[in-house]
Structures are given as structure tokens and as C-alpha cells.
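S.K.: One structure follows; several queries about it will come next.
The values are calculated or read from the model by the stated rules, or taken from the named source; none is laboratory data. Keep in mind that this is a model prediction, so the values were computed, not measured. FYI the Cβ positions are ideal-geometry reconstructions off the backbone, even for glycines, and counts take in every protein chain you see.
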Amino acid sequence: MIQRKKTRQISVGTVKIGGDAPISIQSMTNTDTRDSEKTLEQILQCASHGCDIIRVALPDEKAVHALPKILNGSPIPVIGDIHFNHELAIKAIENGVHGIRINPGNIGTSEKVKQVIDAAKIAQIPIRIGVNAGSLEKDIKKGYGVTADALVESAMRHIRFFESQNFYNIKLSLKSSSVPMTIEAYRKISEKYNFPLHLGVTEAGTAFSGTIRSSIGIGTLLAEGIGDTLRVSLADDPVEEVKVGLELLRALDLRKGPHFIVCPTCGRTEIDIISIAKNVEDEVRKLQIEKNISIAVMGCVVNGPGEAEEADLGIAGGKGQAVLFKKGRIIRKIPEKDIVAELLKEIRSIL
Ligand code: SF4
């Protein structure tokens, strides 16, 4: 059982982060935010797959003007992502965004950062201090190089300023595209502060490599009890980020949901386990099940009956058919063509 480090709790709209709140899943739209319709469409897609909080890029005034429509139609809290321009950050806050993410290091002078803090104070919304290895302050880079210590030093500098302004409604991220550097930086900052942490490996890659890199980086930290919210960064549809994030939490028993036990198939397999398992998994995901249920899809009698017996529901394949197990008992035989439909019927019946 993972013992989570207890952090200070903040709220992004209706979603609580830190303390004893469940670890939330975030993603970021990759539509042009100025196109509010397309952006909303993507937000709805992400939300329907289990995304808790969405972030949108706000690169200019037009994007900020699209915010009210987006906020109005979004079923989940929206965070504005702002770089370089404190005025855009202030306008986004005034337009009702539920939180903002800035890298104070690229906002400019302390006075500009202070103005953003003051606006967030009035609106009572949190700010994520997002430190990134790609945009470290020059003097820190000179002193530390691009290292975990540099990320920590940069975050600490910003935290000190926020604290001097009596602003504690913050969460932190210290991201790098290097997995070991990311892990080290989060471990170190987690020892120093109890602000909630937003986990992520930045620019992690495509769905294939990014999933592996994020799972190792984020997964290692989560397994140590570090992290309150996360985003898996993939060069892909944000829905994929949400799916990977949820699976990551489920793999560590940090989120309830379906658990699939699927045999890898071998020369003994006599039914199409791969497509049966994919179809069942796709259909079950659409049900958005929030309780633990184990579903075994097994190819033959070697390990099949054992795994299927242990699961809430399972099949053990034979020649052109499978035996259906429910809570450890054999229920009936099913012809191969009906396996997906019958399994889904049984899953619905035990929910
Ligand atoms: S359960 Fe049977 S078919 Fe599946 S991998 Fe094991 S031996 Fe092969």
C-alpha cells in the first residue's frame, strides 16, 4: 500500500488537489484556443474519458477572449497556460479561469509577477509554478548547469517570492525531458515543502516512447508517495494522455477501476484473444467504471482457468469457444463469436 505524502490542499474549481484528495488527471488541449468550439469539443472528449482538469494555452488576447465560452461549456475546471506576458495572465484571471500556470522566470520583473499574484488573490484561484529545464534562469543555469538542483533552486527562488507576498495557493512542477532528472528534482522539492506537486515528464515523446518514459518517471514518484496531480505529455491526442494517466494510477492501486488480465497468447491459443481483449477493453473503458473489477481474458487451459477463477469475471479459451467464469465459478461455455457481447453483459450485471 502506497503511503502518500500529505501536502497542503488547494482547489482548482471543484477539484481538490493535495491533502487526502484523490490524485487527479490533467491534460492539455492542442487545438487553437481561439477556436472555442474545437477546443470545447476536445475538452468534452477528454472529460468523457476521465480527465479531471484541463489546461489551455493562452498565447494572445484572442485566446483569452475565447475563454468565457470555453469556461461556460467545460464540464471540468480549466487552467490557463501563460508565458512571457503578465497582462494576459491577469486578463485570463479576470475572465474566470480556475487556475493559471506560469513560469515566473519568463514573466519578467518581480513587479509583474506580483501583479499576477494580486489578481489570483482577488479571484481566489491557485497558481502553478511550473519550472522547466528548458527555460531556467541564466544565473541558475550558470551555477548549476541543467540539473535537478537547478530545477529545485529555481522553484525555491519563486516560492520565496510567492511566500513574501503571503500567497500560498500554489502547486509546483519541476519538469525535465530527462526521466532521472525529473525524479531527482521532485524527490528533493518534496522533502523541502508541502505544497502539492503536479507531476510530469515534459516533452516525453510520442504515444509509444512517451508512455514508457512518463510511466517510469511519474510512476516511480507515485510509488514513493510523491505527487498530487499529473499530466502525461504525449505528442498525440490529449485523450491518449488521459487514458495513460488513468492506467498509471490504476496500476499502482491509486485509482479504482477495471483491471484486465490478458494472456500474451502463444502457439496454444485457439481463439482470437488479442481482438477479443481489445474489444472488451475498449467497451469497458466507455462505461467509466469507478470500482475495482478484474476481468481475465485467457487463451487456454494452462493458466486460463486459474486466472479466470481468481478474477471477478473471466474466460479461458478452447477451440472456437471459451469457458466463462464468474466469481470463481464456471457459468457456461460461449462460442467465440459471442464472447465479447457475453462478457460485457456479465460485466454490466455485476456492476
Ligand atoms: S494462457 Fe494459454 S494461450 Fe495464453 S499464453 Fe498462456 S499458455 Fe499460451
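S.K.: Here is a check on your reading of the model: is Gly317 in contact (Cβ under 8 Å) with a residue 12 or more places away in the chain, more than 27 Å from the chain's Cα centre (by Cα) and within 16 Å of the ligand (Cβ to nearest atom)?
M.R.: Spelling it out, Gly317 is indeed in contact (Cβ under 8 Å) with a residue 12 or more places away in the chain, more than 27 Å from the chain's Cα centre (by Cα) and within 16 Å of the ligand (Cβ to nearest atom).
S.K.: Please give the strands (runs of 3 or more DSSP E) falling wholly within the range 1-102 in which 2 or more residues are without any contact (Cβ under 8 Å) to a residue 40 or more places away in the chain and in contact with a helix residue (DSSP H, G or I) (Cβ under 8 Å, 6 or more places away or on another chain).
M.R.: 53-57, 78-82, 99-102
S.K.: Out of all the residues in the range 124-150, which are aliphatic (A, V, I, L, M) and surrounded by 18 or more Cβ atoms within 10 Å (Cβ to Cβ)?
M.R.: Ile125, Ile127, Ile129, Val131, Ala133, Leu136, Ile140, Ala148, Ala150, listed by residue number.
S.K.: Also, I was wondering about something else. Which numbered condition trips up Arg285, out of (1) within 14 Å of the ligand (Cβ to nearest atom); (2) in contact (Cβ under 8 Å) with a residue 12 or more places away in the chain?
M.R.: Result: Arg285 fails condition (1) only.
S.K.: Related question: Examine the range 119-134 for a residue that is farther than 28 Å from Ala21 by Cβ and of a type outside the set (Gly, Ala, Ser), and state whether such a residue exists.
M.R.: no
S.K.: Given the conditions (1) touching an Asp or Glu at 6+ places or on another chain (Cβ under 8 Å); (2) away from the ligand (no atom under 16 Å from the Cβ); (3) outside the structural domain of Pro180 (by TED's automatic domain parsing); (4) not aliphatic (A, V, I, L, M), and given that Cys263 satisfies all but one, which numbered condition is not satisfied?
M.R.: (2)
S.K.: Would you list the helices (runs of 4 or more DSSP H) that sit entirely within the range 233-351 and hold 3 or more residues that are at pLDDT 90 or above?
M.R.: 238-251, 273-286, 339-350
S.K.: Further question on the same structure: From (1) farther than 30 Å from Asn194 by Cα; (2) buried (at least 18 other Cβ atoms within 10 Å of the Cβ); (3) assigned by TED's automatic domain parsing to the domain that holds Arg128, pick out the condition that doesn't hold for Ala235.
M.R.: (2)
S.K.: Take the residues in the range 69-119 that are touching a His at 6+ places or on another chain (Cβ under 7 Å) and of a type in the set (S, T, N, Q), then tell me which one is surrounded by the most Cβ atoms within 10 Å (Cβ to Cβ).
M.R.: Among them, the one singled out is Asn103.
S.K.: Out of Leu249, Leu343, Leu313, Leu351, which single residue is surrounded by fewer than 16 Cβ atoms within 10 Å (Cβ to Cβ) and not polar (S, T, N, Q)?
M.R.: Of the residues listed, the single one that is surrounded by fewer than 16 Cβ atoms within 10 Å (Cβ to Cβ) and not polar (S, T, N, Q) is Leu351.
S.K.: Sticking with this structure for a sec: What is the one condition in (1) surrounded by fewer than 16 Cβ atoms within 10 Å (Cβ to Cβ); (2) more than 9 Å from the ligand (Cβ to nearest atom) that Arg268 does not satisfy?
M.R.: (2)
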